[in-house]
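Engineer: Once you've had a glance at the structure underneath, I'll fire off some questions.
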Amino acid sequence: MINATSDTTQAPKPTTRGSHTSRIVLAHGGGGQLTDEQLSETVLPRLGMDVLDRLDDAALLPGRIATTIDSYVVQPWRFPGGDIGRLSVCGTVNDLAVCGAQPIGISLSLIMAEGFSRLHLEQILDSIRTAADEASVSVVTGDTKVIGAENGDGIYITTAGVGRISNQYHGSARHVKPGDVLIINGSIGEHGLTVMLTREMPEVQTVLTTDAAPLNHMISRLLKVVPDVRFMRDPTRSGLSGVAVDLAKSCGWHVVLEESMIPVKPEAQHAADMLGLDPLEIANEGKVVIVVDPDDVSKTLDLLHQEDYGREATVIGEIQAIADGMCELHTNIGGHRIVQKPYGEQLPRIC
């Protein structure tokens, strides 16, 4: 018999089904292996169709229109070099840009916990406006909700963007070929490490700042000079490793990264070592991985080096003619290791 007055009943413990738990955990939102599993086993079987199944940063719609959406739950909302407002605009603009689209409008959704400072809201909106002006895009519609203080902390933002894809861009992982070269426009790991240090070690003095930046103008100018860019992706959640692994899986070829050529600032490497983290797996918000034909490498680097957000651009790897769909890192000490996406997210709530 069940005793209805008993106070010893416990909530059922999460059980596993396949390779993941039956309940959502933080790692499901990290852009790593658990995110992939949730998409393939839960989301796509119910919602998937041709466009969604591609899992691109933005969806291509009839009329060469691109659309994308992202949510931001970063904690704290403000950090050196930026805040949740700048982050939300840059993230949406960049997701459109890496698909060859120029943004033409952003919708903005704000969810605030009761008690959130009105002054802080004004600062965030000013930051959104500044970033939008830099990207030459307008906030065209939006929504605001308030939840009880016991149900959330601070502010959450969702931005959706619409852009127009240029006629000359046809990049895709399926167009990548052996011999193609991987380029990144600058050093990695700074955004995630900046947020992590601000949240967890506020007493630590560091020169690190977020790299959050709108890249659409730089990418647009690049496509005019190198219209045959094979592939572009911004290495946000799961970092450079996530992009390289996804690229290898999608194109089917062997992707090689050269550790000695991947730019990591000394202060970022020091912070990563201190925290026991791998810079390859840390989120960036102002970087783009570009794959080009070897004949286009010089033109690509020349253009990027003239741009404010591309002055540190460099070659970081290549595509080899081995049809295994895997990514390999050639290490600084002469070793080799297979690169995998992180299981979840090393640094939760950094975007």
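The values are calculated or read from the model by the stated rules, or taken from the named source; none is laboratory data. Just so we're clear, the structure is a prediction, and the values are computed from it rather than from any experiment. Please note: Cβ atoms are built from the backbone with ideal geometry, for glycine as well, and neighbour counts cover all protein chains shown.
Engineer: With the structure loaded, tell me whether residue 96 is surrounded by 18 or more Cβ atoms within 10 Å (Cβ to Cβ), over 21 Å from residue 195 (Cα atoms) and not polar (S, T, N, Q) or whether it fails that test.
Structural biologist: So residue 96 passes the test.
Engineer: Further, regarding this structure: With respect to the numbered conditions (1) buried (at least 17 other Cβ atoms within 10 Å of the Cβ); (2) closer than 20 Å to residue 171 by Cβ; (3) in contact with a strand residue (DSSP E or B) (Cβ under 8 Å, 6 or more places away or on another chain); (4) not basic (Lys, Arg), which one is the sole condition not fulfilled by residue 294?
Structural biologist: The number of the failed condition is (1).
Residue-wise test of (1) crowded, with 24+ Cβ neighbours inside 10 Å; (2) touching a Pro at 6+ places or on another chain (Cβ under 8 Å); (3) in a loop (DSSP other than H, G, I, E, B).
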| position | (1), (2), (3) |
| --- | --- |
| 163 | yes, yes, no |
| 174 | no, no, no |
| 212 | yes, no, yes |
| 242 | yes, yes, no |
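Engineer: Any idea which residue in segment 266-286 is surrounded by the fewest Cβ atoms within 10 Å (Cβ to Cβ), counting only those that are closer than 11 Å to residue 239 by Cα and touching a Cys at 6+ places or on another chain (Cβ under 8 Å)?
Structural biologist: Applying the filter and picking the extreme gives 285.
Engineer: Is at least one residue of segment 216-233 surrounded by 23 or more Cβ atoms within 10 Å (Cβ to Cβ), closer than 27 Å to residue 334 by Cβ and not charged (D, E, K, R)?
Structural biologist: No: zero hits.
Engineer: Considering each of 93, 74 in turn, give the residue that is in a loop (DSSP other than H, G, I, E, B), β-branched (Val, Ile, Thr) and either closer than 28 Å to residue 113 by Cα or modelled with pLDDT of 95 or more (or both).
Structural biologist: Of the residues listed, the single one that is in a loop (DSSP other than H, G, I, E, B), β-branched (Val, Ile, Thr) and either closer than 28 Å to residue 113 by Cα or modelled with pLDDT of 95 or more (or both) is 74.
Engineer: Of the numbered conditions (1) more than 18 Å from residue 220 (Cα to Cα); (2) touching a strand residue (DSSP E or B) at 6+ places or on another chain (Cβ under 7 Å), residue 122 fails exactly one; give the number of that condition.
Structural biologist: It fails just one condition, (2).
Engineer: In segment 116-163, which residue that is in contact (Cβ under 8 Å) with a residue 24 or more places away in the chain and of a type in the set (D, E, K, R) is nearest to residue 67 (Cα to Cα)?
Structural biologist: Here the residue is 143.
Engineer: May I pose another question? Give me a count of the residues in segment 164-218 that are modelled with pLDDT under 95 and among the acidic types (Asp, Glu).
Structural biologist: Looking only at that region, the number is 2.
Engineer: Would you check if there is a residue in segment 51-59 being modelled with pLDDT of 80 or more, touching a helix residue (DSSP H, G or I) at 6+ places or on another chain (Cβ under 8 Å) and either part of a loop (DSSP other than H, G, I, E, B) or surrounded by 13 or more Cβ atoms within 10 Å (Cβ to Cβ) (or both)?
Structural biologist: The answer is yes; a qualifying residue exists.
Engineer: Looking at this structure, is residue 113 within 23 Å of residue 235 (Cα to Cα) and free of Cβ contacts under 8 Å to residues at least 60 places away in the same chain?
Structural biologist: Details: within 23 Å of residue 235 (Cα to Cα): no; free of Cβ contacts under 8 Å to residues at least 60 places away in the same chain: yes.
Judged against the criteria, residue 113 is not a match.
Engineer: Please work out which residue is farthest from residue 349 (Cα to Cα), limiting yourself to segment 132-159 and to residues that are touching a Ser or Thr at 6+ places or on another chain (Cβ under 7 Å) and surrounded by 18 or more Cβ atoms within 10 Å (Cβ to Cβ).
Structural biologist: 132
Engineer: Given the criteria more than 18 Å from residue 76 (Cα to Cα) and not hydroxyl-bearing (Ser, Thr, Tyr), does residue 197 qualify?
Structural biologist: No; evaluated as a whole, the condition is false for this residue.
Engineer: Take segment 101-148 and flag every residue that is basic (Lys, Arg) and part of a helix (DSSP H, G or I).
Structural biologist: Selection gives 118, 129.
Engineer: For residue 307, state whether it is surrounded by fewer than 20 Cβ atoms within 10 Å (Cβ to Cβ), under 24 Å from residue 133 (Cβ atoms) and in contact with a helix residue (DSSP H, G or I) (Cβ under 8 Å, 6 or more places away or on another chain). Let's see the steps before the verdict.
Structural biologist: Numbers: surrounded by fewer than 20 Cβ atoms within 10 Å (Cβ to Cβ): yes; under 24 Å from residue 133 (Cβ atoms): yes; in contact with a helix residue (DSSP H, G or I) (Cβ under 8 Å, 6 or more places away or on another chain): yes.
When the stated conditions are applied, residue 307 passes them.
Engineer: Next question, about the same structure. Going by what's in this entry, would residue 243 be described as within 25 Å of residue 333 (Cα to Cα) and among the aliphatic types (A, V, I, L, M)?
Structural biologist: The answer is yes for residue 243.
Engineer: While we're looking at this one, here's another question. With segment 285-342 as the region, which strands (runs of 3 or more DSSP E) entirely inside it contain at least 3 residues that are β-branched (Val, Ile, Thr) and touching a residue at least 60 places away in the same chain (Cβ under 8 Å)?
Structural biologist: In segment 285-342, 289-292, 314-320 are the strands (runs of 3 or more DSSP E) which contain 3 or more residues that are β-branched (Val, Ile, Thr) and touching a residue at least 60 places away in the same chain (Cβ under 8 Å).
Engineer: Taking residue 276 as meeting all but one of (1) free of Cβ contacts under 8 Å to residues at least 40 places away in the same chain; (2) among the small types (Gly, Ala, Ser); (3) closer than 24 Å to residue 181 by Cβ, write down the number of the exception.
Structural biologist: (3)
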